[in-house]
């Protein structure tokens, strides 16, 4: 097996595509901005429309990526500083979004449909990013991932228990 950095078939610029993982965190901010500037609470549903409507359409339009690494290429994000740095950055961003989103909801300025849209949108955005981060943390250094997983466990326990990651994370948290 070869390492990712030694593979001639891997396009190194693709690693910047992982920055797209931050985009869902911006969706509630964009929705809030539109609600504030237009007064239309319908924008609280915008993240859901983008995630379940626009993203699948773009994915279908783009098709399969035929330039992915070969099956014999070993790739572990935990072995590369770039991917570890992305994980370290996304965790505080997600935490900030949680508190900010609760503040927007607690403000009381949203009606019933705006509140429902906000709750569902924040839930989908935070759980999709959270479950992805949790999964990638399983592949990293336990000295980094264990404190982060322990901190966020109460926040994402419901989402984690619904996935096959539950076993991975509980095994990681067990004393060795």
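For the reader, a short list of remarks on this structure follows.
- The residues on offer are 61, 10, 45, 82, and the sole one that is modelled with pLDDT under 85 and either farther than 24 Å from residue 137 by Cα or in contact with a strand residue (DSSP E or B) (Cβ under 9 Å, 6 or more places away or on another chain) (or both) is 10.
- Count - residues of the stretch 14-42 that are at pLDDT 90 or above and over 17 Å from the mean Cα position of the chain (by Cα): 12
- The set of residues from the stretch 101-123 being loosely packed, with under 14 Cβ neighbours inside 10 Å, in a helix (DSSP H, G or I) and touching a helix residue (DSSP H, G or I) at 6+ places or on another chain (Cβ under 8 Å) comprises just one member, 113.
- Answer residue from the stretch 30-51, given it is in a helix (DSSP H, G or I) and without any contact (Cβ under 8 Å) to a residue 12 or more places away in the chain and is farthest from residue 92 (Cα to Cα) among those: 38
- Criterion (assigned to a helix (DSSP H, G or I) and at pLDDT below 80) met by exactly one of 97, 87, 126: 87
The values are calculated or read from the model by the stated rules, or taken from the named source; none is laboratory data. Not measured: the values here are computed from a predicted model. In this analysis, Cβ positions are derived from the backbone assuming ideal geometry, glycine residues included, and neighbour counts consider all displayed protein chains.
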